[in-house]
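Working notes for the structure below.
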């Protein structure tokens, strides 16, 4: 019996030792946990701003009517190419044509009156010339009468002297006196005729001035009637609705027989898009991204009509006028696009990607590494290791993205342009050369996360550029904890732990 008990004790000892070996946990302490890792590599990073916009023609012209009337002819329809000056519709014009004929008749009558007034001027000038010639003749006659009167006076004086000597005859003396009286009367008659001629000349000058004034009045009437005729002809020309530009009709808002009323405002009959080989996109850009847009930046976009096709364009301008809708401020960016094949149509919705920065062959890390934070236990151990004299400092609660003002959880701006931490009260400014400060983690020699300070550059949403860091290309960094059943857990945790056998009881 003693031998049996001895063998039983030996068997129990052997079984206990084997169970201890089989069921003993392995793989180190709790802090030696596995992590999902990624390598620092080199590659391209393209920073961009995403937005939506609407396609619009570069120039859209609303073709309207300045007259009221009935539409009697339509010469253009949807999608009709038109040239500048081409007639696209006509209004009823018979009434305007009758007004034009009446205006032409009035103008012809005014011109005839002008010709009559000009003939009267010629007649007045001729009469004035005759009066002037007659005045010259009367002045000559007066001079001749004056000379004859002087001669008669000298004869009378001789006869008087002869009679005083008792030499001359009394009859000759009387005849000499009679000649003096006759020439004196002739001189008075010549003066009266000259005065009458002068009065007649004044009347003829007045008639000439009146005729000239009538001519000017007739000329003014002609100008007035010509202006009226031009006004009617303009109205007649407006009965033909013409396209002001080269383009294509994108909308027709008039029907045959419709009456157009243009008394208060000009009605729109057609909408013409000018030169659809070039088209613009009006994109709404958030105020947080508008500072990254510059003139000439490349833009790629897609439209729902061609989901598998990508189109290219460039930023032409960013309009200064802001739009505020429900406290959201946006700015309108105008993107120019070449549309040679006319595939893009006005009104389409474009999903835009505006490239704001491109970096080639730069050191980069996955953005998941920036979002990773160690567990509380690991962080507390890290703080104890950093504390002087082994004291346990109070752990300051970590600020959220809303408190830090960032949207990626790493204290950097969305475009990768960093912010340097400043004392409270000072303005925070972008430091493009230094980049944004951030902290990532790698596995330390003790298996715990080890912080690595880095300076960040641009980001494309998946990767972020490293401007300054101690990390080299190919270095392993932590991007997250293990996932159940993942390859990282199998390769990490399974490499350090022995699989536990199934429970037998």
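Data overview
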item	result
Distance in nm between pseudo-label sites at residue 38 and residue 231 (7 Å out along the Cβ direction from Cα)	7.8 nm
Under 16 Å from the residue 306 label point (7 Å along Cα→beta-carbon), backbone N, the stretch 237-276	276
Bins of 10 Å from zero: percent of alpha-carbon pairs in the stretch 108-162	21, 20, 16, 15, 12, 8, 5, 2, 0
For peptides 95-105, 6-16, sequence by mean Cβ density within 10 Å, most packed first	95-105, 6-16
Euclidean distance of C-alpha centroids, the stretch 139-167 and the stretch 191-234, integer Å	51 Å
Rg over Rh, two decimals, the stretch 216-338 (C-alpha only, Kirkwood Rh)	1.22
Extension gain, residue 139 back to residue 220 (0.36 nm per residue minus Cα-Cα distance, nm)	25.0 nm
Taking the stretch 94-238 and dividing mean pair separation by its residue count, relative contact order in percent (alpha carbons under 8 Å, at least six apart)	47 percent
Spatial extent of the stretch 94-238: Rg and Dmax, with the Cα atoms as the point set, Å	31.4, 108
Label zone at residue 78, where the point sits 7 Å out along the Cα-to-Cβ direction: the stretch 236-250 residues whose backbone N lies under 18 Å	248-250
Globularity index of the stretch 68-112, i.e. its alpha-carbon radius of gyration over 2.2 N^0.38 Å	1.75
Equivalent ellipsoid semi-axes - Cα gyration tensor, the stretch 135-202, angstrom	33, 9, 6
Extension gain from residue 373 to residue 341, taking 0.36 nm per residue of separation minus the Cα-Cα distance	6.3 nm
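Every number here is computed from the coordinates shown, using simple stated rules; none is lab data. Because the structure is predicted, anything quoted here is derived from the model rather than measured. Note that we place each Cβ from the backbone using ideal geometry, even for glycine, and neighbour counts take in every protein chain shown.
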